[in-house]
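Chemist: I'd like to ask some things about the structure below.
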Amino acid sequence: MKIAFFGLGNMGTPMAWRLVRAGHEVTVWNRTLSKAQPLRTEGAKVSPSPQEAAKQAEILITMLADDHAVQSAVLDSSGAIDSLPRGATHISMSTISVEFSKRLASEHRKHGQHYIAAPVFGRPDAADAGKLFVAAAGEKAALERVMPVLQALGQQVFVMGDKPEMANVVKVSGNFLIAAVIESLAEAIALARKYGIDPHQYVDFLTSTLFAAPVYKTYGGLIADAQHEKAGFALRLGLKDVKLALAAAEAVDASLPVASLVRDHILMALGRGFDKQDWSVLGKLAAENAGLR
């Protein structure tokens, strides 16, 4: 299929690679064009603008940082929506707000286009291996048409409903849950260390017994190793996602008290200069708060 792919960050780059290698005709656009050059050697086309990239596309995929980045690339005057052909489908795989996803659906309907929300769960290594989990929602016929593309990117695609924003609710609530796991791991590991327990031994015990899940193994290992410098998912993006979950909850009068606590701790970590680090750096914050080095 003819695919326009926007966003070549830590996640977008390996995802675009997989689509090229799956045999799709891929045109990439990124705000920093130099990041697109390696994909050119693999056969992807590189476009200088969102409008140009979308002209011949059957599918537009956005994997961008936030609402603002997606709006700029798709809806603004220099964006793709006016050049994207009628009948084409925009797949938003970014972590965006529920309300903005509703707006995207409305704007694409006005232009005779389809819109699918399909955010992903997984870190960059999972994207590179095609091991992402995809939460997708939207019109059934549109979903069926783009399913081979989604399956090229993830090990499993979960259809969450016929309204695109349903997938965004799954994503922001899921990311809140990951943040809560990181926070609880950080506090538990700090407590164990205060009693002289080796953090690696402690995490191995946890993840070999009641907490044998990838999220505990991944973040438990990062916290035990104090490996936060290489940001698979930057702390400031974590703040954005927790705030999206709080906004979604407020819109329907749902209380998320744990999310409020995690937001405050992320802000505390940002205040200590950890903004360039992985969001597992909450483990360092908990250690410092416990008086540990």
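Chemist: Using the count of nearby Cβ atoms within 10 Å as a rough guide to exposure, how do HIS108, HIS200 rank from fewest to most? Don't skip to the answer; put the middle values down first.
Modeler: Working: HIS108 23, HIS200 13.
The fewest-first ordering by Cβ neighbours comes to HIS200, HIS108.
Chemist: Can you give me the C-alpha center-to-center distance between region 189-205 and region 52-126, rounded to a whole angstrom?
Modeler: 44 Å
Chemist: May I ask which of LYS110/LYS243; LYS35/LYS102; LYS131/LYS217; LYS2/LYS140; LYS2/LYS230 have a Cα-Cα span longer than 24 Å here? Could you put the intermediate results ahead of the total?
Modeler: Numbers: LYS110/LYS243 29 Å; LYS35/LYS102 30 Å; LYS131/LYS217 16 Å; LYS2/LYS140 21 Å; LYS2/LYS230 34 Å.
The answer is LYS110/LYS243; LYS35/LYS102; LYS2/LYS230.
Chemist: Which of TRP17, TRP279 has the fewest other C-beta atoms within 10 Å, and how do the rest follow up to the most?
Modeler: By the 10 Å Cβ count, ascending, the order reads TRP17, TRP279.
Chemist: Along its principal axes, what span do the Cα atoms of region 79-141 show, with the longest given first and each in whole Å?
Modeler: Here the Cα extents, ordered largest to smallest, are 37, 26, 23 Å.
Chemist: While we're looking at this one, here's another question. Sum -39500 (n - 2.57) across every DSSP H segment of at least 4 residues in the chain, then divide by the residue count to get the 222 nm mean residue ellipticity, nearest 500.
Modeler: Theoretical 222 nm ellipticity from helices: -15500 deg cm²/dmol.
Chemist: When every alpha-carbon pair in region 29-180 is counted, what percent end up more than 22 Å apart? Please list the in-between numbers first.
Modeler: Details: 4437 of 11476 pairs.
Value for region 29-180 (Cα pairs over 22 Å): 39 percent.
Chemist: In percent, how large is the relative contact order of the chain, given Cα pairs closer than 8 Å and 6 or more residues apart?
Modeler: 14 percent.
Chemist: Mean shadow of the chain, computed from the convex hull of its alpha carbons, in nm²?
Modeler: 15.4 nm²
Chemist: Using Cβ counts within 10 Å as a stand-in for footprinting exposure, how do HIS24, HIS114 rank, fewest first?
Modeler: Least crowded to most crowded, the residues run HIS24, HIS114.
No lab work stands behind these numbers, since they all come straight from the coordinates. Model, not experiment: these values are computed from the prediction. Positions of Cβ are generated from backbone atoms using ideal geometry, with glycine treated the same way; all protein chains shown enter the neighbour counts.
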